[in-house]
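Report on the following structure.
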Amino acid sequence: MTSKQVKALAGAVRTAAGAVRPVPGARITGGLLHHWQVRNGAATIPHTIEQLRAAGNVANLSRLLEQDPAPYRGRYPFLDTDLYKTLEGLAYELGDGRAAEPVREFYDEVVGLLERVQAEDGYLNSFFQDPAAARKPWEDLAWGHELYNLGHLIQAAVAAARRMGDERLLRVAGRFADLVVERFAERGVCGHPEVEMALVELYRETGVRAYLDLAAAFVDRRGSGQIEHSIFSADYFQDHVPFRELPSVTGHAVRMAYLAAGAADVFLETGDRSLFAALERLWDDMVASKLYLTGGLGSRHSDEAVGDRYELPSERAYSETCAAIAVMQWGWRMFLATGGAKYLDVFERVLYNAYAVGLSEDGRAFFYDNPLQRRPDHEQRSGAEPGGEPLRRSWFGCPCCPPNIVRWMAQLADYVAAERDGALLIACYTPARITGERLDLAMETSYPWDGDVHLTVGRAPEEPYGIVLRVPGWARGATVTVNGEPHDAAPSAKRAEAAADSPGGSADGGWLRIERRWAPGDEVRLTLPMPVRAHGSHPHLDATRGALGIARGPLVYCVEQQDSPSAAVDDLVVGVADVAGARTGRRGEAVVLGVTAGAAPPPSTELYPELSLERAAITETAVSATFVPYFLWGNRGPEAMRVWVRSRTTDGKKAT
């Protein structure tokens, strides 16, 4: 890809207003992320297209062309969004030359239908356009999701224009957006945020200021009582106080993170510092008290909500896959705004754990919610459906997660690198070819399985230029060489320069900057040590008190019953020393961990046994167990699983 082609290309987020700018000229060429993208094209996309046809999403559009339309298929009025999210992913697949002809045929079919069924005034919704619909357009902003639909339509349209040069969807989305600008000029807001991000991106694509202004208005209208609250209270909709006054992330987890991502987009284009102050406060509070070890957000099944601070039960973690994507969207925008490495640390944790676990190894089955523990009798289900299956499902009545996985997987290369004047920043480590404005790099690595990263310079400017490498928060003792010579990797003022323009006013560490006059063929080697780590939890987090979690690099690990043949996973007892002595091995490409643990004797049959002042220490039996990356669990049958296992006390004594 040439520099001229890069200038004509743009990713999912295109802004020049932040501390750093996204680099669209990246291609993932190998490694785990490449495997995921190949699987996406070979298995997940064909499966999703098949399911969308079978569930009636396509027919819901085509029936509107009939004189006497067949009944709408599906329980929810927002099922068009599943087509839109899929189209966004297909735009990347087609634009990057990865898609087969049936994908092109499906894309053209759906785009053609959207062009034909759109109303004269620009309105588009296959549920509400039905003459027999039980509700009229705009009648139920809390649950109708019409603006949410528009948001995903815009994002698909922008992707098609940028990646394929196809502006058919952009014209459709623009007509609908113009109607919304007129209809909601003074009042109204959607019960499900999402359109805010999309309207800002449509402004970036077209230069029409009205789209940005409406997105800002939608953020500011939260908390003004313009949503008719039903079923759940105002905080579910983030509508109980103005956004800037929210004390913490709250309510429906996906809506919360989409709203915050949209607000971050508004900040990027308007520079509203009061908005950024709220975003920074909400992010820091979320990371400190409301995210699971895996990066998952949302602890409540009843309302798919975030929950209270430190309310993080493992076996009842909701941690919706869509919420994982929303947190990454929010985190990426915070990184663009500030250059802060801490946002990428969370982004990466979510990517390899809370997001990746949502898809089966074969790419054709999905988790809607993502617990950190499975008991032997657990059934997997979404919050609104009776019954369930033991593990992942091929589809859902509310299938928001599968097509969301499709579009995010297709655009992973958008999140590899960023730039600012005089420097190229490496945000995520994966084999890739990166074409920046002035500097090209080839990156080779086996990350996340090991921490060795090899960068080779291609095109380079004549004057000194910076290569800025992210040192993840878990990394200790990172080293770097340039053309075989050691480079000072110690923390210094230069490490913080990538965040010097942060609106928060404080520089953020986590970066290692190398500035010099580069020549083609120059080599940079970064080594990030990856010892196995033991994690405890905050003392206020009751659900995992007295338990221990295991991680290596960006990956969280778990133990399945299949890999603990001598003891029930609920009876395993592991200490910090056991984790430090874990043995690394391979299962396919994946690094697995062999741990010598203790097996506690079967517990009392009493649910609440009486405690004595003279408690005898538990007599353990030494057993071996294998811990696997959390994202791989649930592919070998419905057995028990744990991320958090019983822990010995920190002084090495056995559990009592």
From the phi of every residue in segment 93-108, what ³J(HN,Hα) in whole Hz does the Karplus formula 6.51 cos²θ - 1.76 cosθ + 1.60 yield, where θ is phi - 60° and glycine or proline is x?
4, 6, x, 8, x, 9, 9, 7, 4, x, 5, 4, 5, 5, 4, 5
Cut-off under 5 Å, modelled amide H: who pairs with ALA26 long-range:
THR435
Amide H proximity to ARG420 below 5 Å, modelled H, separation 5+ or other chain, gives ARG21, LEU425
Roughly speaking, what is the centre-to-centre gap between segment 515-580 and segment 113-173 when only Cα atoms are used, to the nearest Å?
44 Å
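Using a Cα distance threshold of under 26 Å, what count of lysine pairs results for the chain when pairs must be 8 or more residues apart or interchain?
Details: LYS7/LYS85; LYS85/LYS136; LYS290/LYS342; LYS342/LYS494.
Summing the qualifying lysine pairs gives 4.
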For GLY466, other-chain or 5+-apart residues with amide H closer than 5 Å (H placed, Pro excluded) are ALA423, LEU424
Restricting to Cα atoms and excluding each atom paired with itself, what does the Kirkwood estimate give for segment 267-331 in Å?
12.6 Å
So, with points 7 Å from each Cα along the Cβ direction, the THR481-GLU228 label distance in nm works out to 7.0 nm
Counting other Cβ atoms within 10 Å of each Cβ, which trypsin sites (Lys or Arg not before Pro) in segment 132-234 have at most 13 and sit in a DSSP loop?
ARG135, ARG187
In units of 2.2 N^0.38 Å, what is the alpha-carbon radius of gyration of segment 534-647?
1.11
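On full extension of the chain, what length is gained from ASP488 through THR621, given 0.36 nm per residue of separation minus the C-alpha to C-alpha distance? Don't jump to the answer; show the numbers that get you there.
Numbers: separation 133, 0.36 × 133 = 47.88 nm, distance 4.71 nm.
Extra length available between ASP488 and THR621 comes to 43.2 nm.
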With the dipole of segment 308-379 defined by +1 on each Lys or Arg Cβ and -1 on each Asp or Glu Cβ, the option from PHE335, TYR355, PRO313 whose Cα lies farthest towards the positive pole is PHE335
Using θ = phi - 60° and the Karplus form 6.51 cos²θ - 1.76 cosθ + 1.60, what ³J(HN,Hα) does each residue of segment 584-597 get, whole Hz, x for Gly and Pro?
8, x, 10, 10, x, 7, 6, 8, 10, 10, x, 10, 8, 10
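Taking 1 over the mean of 1/r across every pair of different Cα atoms in segment 258-375, what Kirkwood radius in Å do you get?
14.6 Å
So, counting K/R as plus one and D/E as minus one, what does the shell of residues with Cβ under 10 Å around LEU297 add up to?
Details: positive: LYS290; negative: GLU320.
Around LEU297, the charge tally is 0.
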Point-charge dipole on Cβ atoms (K/R +1, D/E -1) for segment 1-150, about Cα centre, debye to 20:
820 debye
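Apply 1/(1 + (r/R0)^6) to the Cβ-Cβ distance of ASP421 and GLU182, taking R0 = 30 Å, and write down the FRET efficiency to the nearest 0.05.
On the way: r = 39 Å, r/R0 = 1.31.
The formula returns an efficiency of 0.15 here.
Can you check what the net charge comes to around PRO520, using other residues whose Cβ is under 10 Å from the Cβ of PRO520 (Lys, Arg +1; Asp, Glu -1)? The partial results should precede the final answer.
Values: positive: ARG459; negative: ASP440, ASP522.
So the environment of PRO520 carries a net charge of -1.
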Among GLY11, PRO464, PHE267 the positive-end extreme of the charge dipole of the chain (Cβ point charges)
PRO464
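Does the chain classify as rounded, prolate or oblate by the C-alpha gyration tensor (a ≥ b ≥ c root eigenvalues; a/c under 1.5 gives rounded; else a/b over b/c gives prolate, otherwise oblate)?
Note, shape of the chain comes out oblate.
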Most packed first (mean Cβ within 10 Å per residue), the peptides 71-77, 432-438, 639-645 order as 639-645, 432-438, 71-77
Other residues with Cβ under 11 Å from the Cβ of ARG309 give, with Lys and Arg +1 and Asp and Glu -1, a net charge of -2
Go ahead and estimate [θ] at 222 nm for the chain from helices alone: -39,500 (n - 2.57) per DSSP H run with n ≥ 4, summed, over the residue count, rounded to 500.
-9500 deg cm²/dmol
Pop out the ³J(HN,Hα) list for segment 30-40 in order, Karplus 6.51 cos²θ - 1.76 cosθ + 1.60 with θ = phi - 60°, rounded to Hz; leave Gly and Pro as x.
x, x, 4, 5, 5, 4, 4, 5, 4, 4, 4
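Values quoted throughout were computed directly from the atomic coordinates according to the rules given, and no laboratory measurement underlies them. Just so you know, these numbers come straight off a predicted model, no measurement behind them. Every residue, glycine among them, receives a Cβ derived from its backbone with ideal geometry; neighbour counts consider all protein chains shown.
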